[in-house]
Structure formats: C-alpha cells, structure tokens
Amino acid sequence: MNLIRLALPDLLQRALANLLDNALLHCPANGTIAVSASSSATSIRLSVTNSGDAIAAKHLPRLFERFYRGDQARSHSSETGGLGLAIVQSIMALHDGQASAENSAHGVCFSLDFPPY
C-alpha cells in the first residue's frame, strides 16, 4: 500500500512538519525524536515521539482543539498560537483519518492514523 499515493502529499507534509516542529520545541536538550510508520488491518499509522515531559492526562483529549493551551509550562512564544495541532486534525479529517496524542514509555507520541484504502 502506498500511503503517499493515497494521501494528498502537500497536506501530509504539512501535518508531519507540524508534529516535528512540536517535537523539536518540546524535546529536551540531548533528548530524542523518533519517527515511525506501521500498518495493520484497520489503519496506517505515522508517529512522531519525543522524549519530552509527559502531558497531563486531562490535556491530551483537547490538544487538537483550536487555540487550546494546556500546560502553561509547555507554552513557548515561537508557537503557532494554538493552531498547529488543529491544522493537523483538519488534515486528518480530510483523509478520513484521526490524529492522537499519548504519553508512552519513550515520551510523548503524536500519531496520524489513516484508514486502509
């Protein structure tokens, strides 16, 4: 299955760029950022994980809302004003997919789940 052929390349690039920008912003010095891809019978997943601090569970469901600001300690002046992850969610909606965030043993993982075409 060729995800690049199925997804709109410019939009896929924008979604991944937004996730990578966030990872770079929130990853500590000497931390790690990992990009991975996987597939299953129900989805094709692209993930960006950074070794930054966990996000409080109460904020995770709202991260993709426009202008949402969760933990003030994670806010930076160079951010997009709270629109970056909302843009990612909109791009995923156009692809009948879903964006999500979760804390993992390796840090914070943001995933893009595309339906299998």
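The values are calculated or read from the model by the stated rules, or taken from the named source; none is laboratory data. All figures in this text were calculated on a predicted structure; none of them were measured in a lab. Using ideal geometry, Cβ is built from the backbone for each residue, glycine included, and neighbour counts are taken over all protein chains shown.
Summary table below
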quantity	calculated
Matching residues, the range 7-16, being surrounded by 13 or more Cβ atoms within 10 Å (Cβ to Cβ) and part of a helix (DSSP H, G or I)	Leu11, Leu12, Gln13, Arg14, Ala15, Leu16
Criterion violated by Ile33 - all others in (1) under 25 Å from Tyr117 (Cα atoms); (2) touching a strand residue (DSSP E or B) at 6+ places or on another chain (Cβ under 9 Å); (3) surrounded by 13 or more Cβ atoms within 10 Å (Cβ to Cβ) satisfied	(1)
Output for the range 49-74, where each listed residue is modelled with pLDDT of 90 or more and among the basic types (Lys, Arg)	Lys58, Arg62
In the range 40-58, the residues that are among the aliphatic types (A, V, I, L, M) and either free of Cβ contacts under 8 Å to residues at least 24 places away in the same chain or closer than 14 Å to Gly84 by Cβ (or both)	Val48, Ala56
Test: residue in the range 23-34 that is under 15 Å from the mean Cα position of the chain (by Cα), small (Gly, Ala, Ser) and farther than 13 Å from Gly107 by Cβ	no
The range 28-39, residues that are assigned to a loop (DSSP other than H, G, I, E, B), among the small types (Gly, Ala, Ser) and without any contact (Cβ under 8 Å) to a residue 40 or more places away in the chain	Ala29
Any hit, the range 103-110, residues being out of contact with any Lys or Arg (no Cβ under 7 Å at 6 or more places or on another chain), at pLDDT 90 or above and in a loop (DSSP other than H, G, I, E, B)	yes
Filter result for the condition that a residue is surrounded by 13 or more Cβ atoms within 10 Å (Cβ to Cβ) and either part of a helix (DSSP H, G or I) or at pLDDT below 95 (or both), over Leu20, Leu46	Leu20
